[in-house]
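A short worksheet on the structure shown next.
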Amino acid sequence: MIIYFDAMNNSGFIARRYLFSRKHISLISTLTFISITGITIGTALLIVVLSVFNGFFDVIKGFLLSHDPDVRIEAANSATFAQNEEMLAQIRALPEVRVLSPYVEGKALMALENTENEVVEVKGVNRDLFFQLVEIEQSITNGVFDISVKDRTPGIIIHQDLRNRTRLNLKDEVTLLSAAGMKNALTQITVPQTYRFELRGTYFLQQIAGTPKVFVDIEAAKRLFRSRNSISGIDLKLTDNEVADKVKKELSAQLGPDFKISTWYDLQKPLYDVMYLEKWGSFVILILIVIVAVLNIIGSLTMIVIQKQRDIGILMSMGYSKQGIKNIFRKQGLYIGLIGCGIGGVLGLLLSWAQAKFGLVKLSSAFIIEAYPVLINPMDVVIILSASLLLCVLASWYPAHRAAQVQPADAVRYE
């Protein structure tokens, strides 16, 4: 029993001797080196590539949240709903809600002189609340964000690209006609009711999805779209956008099925879903590098089993059980995985850090950022290292099983 116990404790030592013997360089040691190199490269690439995808996701999310709310409340079955003070009080009572900004939104025709008319997305907002919701004030390129009524004319703010196309100047008057106004003119055979606005400023926000909006005061938008005391929705800014799903569940329970609650993710879901699909699709492709290295592990460990049959027979005659023999070869797979994952993990993290710190790999100057963005997600690193290590341990299953089937008498007899 004492011999058996000591032998079991030496399984790790024997596994290391079989793998890393310095007596001579053989095909087995070469295959082991190739396996470790493959796992190292695969692990490092996975960490770098997934970190780059995380960086792009963070950049895109930042740009979208520059004009998207953390949570949006809309009517489920209609374009507008009545502005209810009791409902607003319920929403404000949630501790995660920092800013609540009602809005009126719709499409309108911008009638212009000496140029083609434009169909624009008009959004009516409360200026002070809207400034707390998005950081648009720093994006003003000309004039000021003034949508108040002056000399009986409300102000309007348009995107810089729209101004370049229409060649409008500050203080020019523009005319807006809503779809509802055009419908009434056609059905009632009357002159369509138009609304005049004074151009007070232009802004520039990098558009990744959707079309740039035209901003007016919420009361002017109500008159334009004939919504009276109704609004199109309520935008919310939270203390932390990561709690958006929690707030969505709370609001859904409070407001009921008549309202549609959307988080920042829901508002741009197709884009975010594609980015996640690309990220994990790349993970599946790059893990093939690790799988190729794992096949080398199976080959090298199987050759060790064939080469060391006499040793295995001696170990069994000394008291090693089949389980003890399996442990030797399983530990060899574990050691290969630990070395490859350890070196690959450190290398991947160093490369990711260097890219994030110094921007080593540049992007085209036409893109919105100068270098590939990098964001290291600890959970991604854990998943990569765990998956690579698990594959290495699984690779040792067949060689370990084969080693345990060796018969001690037969192994020693013919040596």
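None of the figures in this text is laboratory data; all of them are computed from the coordinates on show. Treat the numbers as computed from the prediction; the structure is a model and nothing was measured. Heads up, the Cβs are rebuilt from the backbone with ideal geometry, glycines too, and the neighbour counts pull from every protein chain shown.
Between the helical axis of 244-255 and the longest alpha-carbon principal axis of the chain there is an angle of about 50 degrees. Net charge near ILE140: determine it from the other residues with C-beta under 13 Å of the C-beta of ILE140, scoring Lys and Arg +1 and Asp and Glu -1. It works out to a net charge of 0. For region 74-86, backbone phi angles converted through the Karplus equation (6.51, -1.76, 1.60; θ = phi - 60°) give residue-by-residue couplings of 9, 6, 6, 10, 8, 6, 9, 8, 5, 6, 9, 5, 5 Hz, Gly and Pro being listed as x. Other residues with beta-carbon under 9 Å from the beta-carbon of LEU50 carry, at +1 per Lys or Arg and -1 per Asp or Glu, a net charge of 0. Residue order for ILE376, ILE231, fewest other beta carbons within 10 angstrom first, comes to ILE376, ILE231. The dipole here belongs to the chain: it is taken about the Cα centre, uses +1 on the Cβ of Lys and Arg and -1 on the Cβ of Asp and Glu, and is about 1600 debye. Over the C-alpha trace of region 71-266, radius of gyration and Dmax come out as 17.6, 52 angstrom.
Here the Kirkwood formula puts the hydrodynamic radius of the chain at 26.8 Å, using every distinct Cα pair.
Exposure proxy for ILE39, ILE384: other Cβ atoms within 10 Å of each Cβ, ordered fewest to most, give ILE384, ILE39. Going from the residue with the fewest nearby Cβ atoms within 10 Å to the one with the most, SER139, SER364, SER227 rank SER364, SER139, SER227. A simple charge model with +1 on the Cβ of Lys and Arg, -1 on the Cβ of Asp and Glu and nothing else charged puts the dipole of region 71-266 at about 420 debye relative to its Cα centre. The angle separating the long axis of helix 378-395 from the principal Cα axis of greatest extent in the chain is about 30 degrees.
Enter the angle in degrees (range 0 to 90, nearest 10) between the Cα long axis of helix 11-20 and the first principal axis of the Cα atoms of the chain, meaning the one along which they spread out most. So the inclination is approximately 80 degrees.
Summarising the amide proton neighbourhood of LYS308: residues at separation of 5 or more, or on other chains, whose placed amide H is nearer than 5 Å comprise an empty set.
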